Amino acid sequence: MPYAIYILKCSDGSYYTGSTKDLDGRILEHQTGAYSDSYTFNRRPVQLVWSEVVETYPEAFQWERRIKGWSRAKKEALIHGDIDGIHEIVKSERKQREEIKKKSSR
């Protein structure tokens, strides 16, 4: 059974990433505040800004976790379909980490 990974833009401008078997139903739950302890509950209304369908739960879970760890810039590049932009951000982040590592080892 296919699963969807999705990104919502919340009313405060933040992004929420999730995965589900029923994208329409899950979006409705976010929009109506079905779960008061949900990240999106006090950030409604929400807007679906990106989604992708994969075949298995492990694949969906892996993508969801990966995207949740991304910077805002990388998420926005993904939302806009800018794959080259994602690669440039990764290079830039890697360079920054290397510079910090060099400074801390001095």
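Things to note:
- In a simple Cβ point-charge model (Lys, Arg +1; Asp, Glu -1; nothing else charged), the chain has a dipole of about 820 debye relative to its Cα centre.
- Length available on full extension from Tyr39 to Ser92: 0.36 nm per residue minus the Cα-Cα distance, which gives 16.1 nm.
- Neighbourhood charge, 13 Å Cβ-Cβ cut-off, centred on Ser105 and excluding it, Lys, Arg +1 and Asp, Glu -1: +3
- Charge tally for Val49 (other residues, Cβ to Cβ under 10 Å; Lys, Arg +1; Asp, Glu -1): +1.
- Largest mean-square fluctuation among Leu78, Leu48, Leu28, in a Gaussian network model of the chain whose springs join Cα atoms under 10 Å apart, belongs to Leu28.
- With K and R counted +1 and D and E -1, the other residues having a Cβ less than 14 Å from that of Ile5 yield a net charge of +1.
- Across Ile79, Ile89, Ile67, mean-square fluctuation computed from a Gaussian network of the chain (C-alpha pairs under 10 Å connected) peaks at Ile89.
- Cα-based helix-to-principal-axis angle, 57-68 vs the chain, degrees rounded to 10: 60
- Per-residue Cβ neighbour rank within 10 angstrom, fewest leading, His80, His30: His80, His30
- Each stretch of four or more DSSP H residues adds -39500 (n - 2.57); spread over every residue of the chain, this sum gives -15500 deg cm²/dmol at 222 nm.
- With only the Cα atoms considered, the chain has a convex hull volume of 125 Å³ per residue.
- Mean separation of Cα contacts under 8 Å, 6 or more apart, over the residue count of the chain: relative contact order %: 28
The numbers here are math on the coordinates, done by the rules we state, and not lab data. Fair warning: this is a prediction, and the values are worked out from it, not measured in the lab. For neighbour counting, all protein chains shown are included, and Cβ atoms are generated from backbone atoms with ideal geometry for every residue, glycine included.
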